[in-house]
1. Report for the chain the percent antiparallel among DSSP-assigned beta bridges with both residues inside it, nearest 5.
2. Hey, in the chain, which Cys have no second cysteine's beta-carbon closer than 4.7 Å?
3. Can you list residues from other chains, or at least 5 along the same chain, whose modelled amide H is less than 5 Å from the amide H of D179?
4. Between the stretch 218-240 and the stretch 14-86, what is the C-alpha centre distance in whole Å?
5. Where in the chain are the DSSP H helices whose alpha-carbon span along the long axis reaches 24 Å or more and whose Kyte-Doolittle mean is at least -1.0?
6. Accessible area of the stretch 147-287 with a 1.4 Å probe: how many percent of it is carbon plus sulfur?
7. Let a ≥ b ≥ c be the square roots of the eigenvalues of the Cα gyration tensor of the chain; is it rounded (a/c under 1.5), or, if not, prolate (a/b larger than b/c) or oblate?
8. Relative to the Cα centre, what is the charge dipole magnitude of the chain, using +1 at the beta carbon of each Lys and Arg, -1 at the beta carbon of each Asp and Glu, and rounding to the nearest 20 debye?
Amino acid sequence: MKIGFNEANDRFCKDHTVMKDLELCEKYGFEGIDIQSMCLDRDLESGKITLEELADWFKNHNVKMLSYNALEHFNMKQTQEEKDEVMAKFDEILRRCLILGCDTIVVVPSENIGVEATISEIREEAVAVLRQMLAKCEPHGIRLSLEFCGAPGMSINRFEDAYAIVQEINSPLVGITLDQYHFHGMASSWESLEKADGKKIFIWHLNGTEDVPCGAAYNTDEKRLWPGDPKDCLDHKRFADTLKKIGYAGDYCIIEIFRPEYYELSQEENVKKSAEVTKAHVEKYWG
Ligand code: ZN
């Protein structure tokens, strides 16, 4: 199992830059990175980096860009104008991925959609939108990885609902991002995960979380923790055993935490600590 770093971990650390993340990931032994769109946009807009410079770095180093993280709020748009806006964002992300040599785009559902849609209506709509996107990235072999988000207002908020969408599309280029915090956040079904095909899970986001109630307004990404923290309530052995059993083929364990406390570390301390806990986790459960 290789280890990867998601820029959620340190994106608000003082003087954060994407280039520093790349260098620190290499220094502390990460073999891959999820680039956060917020970090990339910020550095591109301020002129700190160009896409070509980043592409050049990836070509000359052994850290892989694991995903473009992410196209947010891709589904359930109500007006043509909103739908066109999502597709324009997607086109731009695809263009960037082709420059960066990144083969996976994470897509995140819309939140508080404003219509009282059923799960099957949401599924059918997501299938249609993702098929349109797939038609654009298929010629390049670029994959779409749907990340369900475990919050009550999220339109796709359980593993089983996301998996049904991916199954219906039935393409080797469309799969799931399984984030442990999100899986726990709305009590996704272990039975569904145990029955799933591990090859459909493209990305695995590792984290711990505080033991707060499912669906509570304060159960947000900020409750994430280093896995194995004394306050962490997740059943990491069960996640690992299940992923092994179903044949998770993503190769990477990617740490992704959004905890404000951890943004108080320096960027280097954050990446160093992230690498330590990810290595320890992989050794303990996958060694
Ligand atoms: Zn995630």
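1. Just about 10 percent of them are antiparallel.
2. Taking the Cβ cut-off of 4.7 Å, the unpaired cysteines of the chain are C13, C25, C39, C137, C149, C214, C233, C253.
3. Amide H to amide H, under 5 Å and 5 or more residues apart or across chains, D179 pairs with H205.
4. 25 Å
5. Length and hydropathy pass: 80-100, 119-137.
6. Summing carbon and sulfur atoms, their accessible area is 49 percent of the total for the stretch 147-287.
7. Cα axes put the chain in the rounded bin.
8. Using Cβ point charges on Lys, Arg, Asp and Glu, the chain gives about 800 debye.
The values are calculated or read from the model by the stated rules, or taken from the named source; none is laboratory data. Small disclaimer: the values here were computed from a predicted structure and weren't measured. Because the Cβ atoms are built from the backbone with ideal geometry, glycine has one as well, and the counts that use them run over all protein chains shown. Just so you know, the surface numbers come from the protein's heavy atoms only, side chains and all, with ligands and any DNA or RNA stripped out. Shrake-Rupley method; radii C 1.70, N 1.55, O 1.52, S 1.80 Å.
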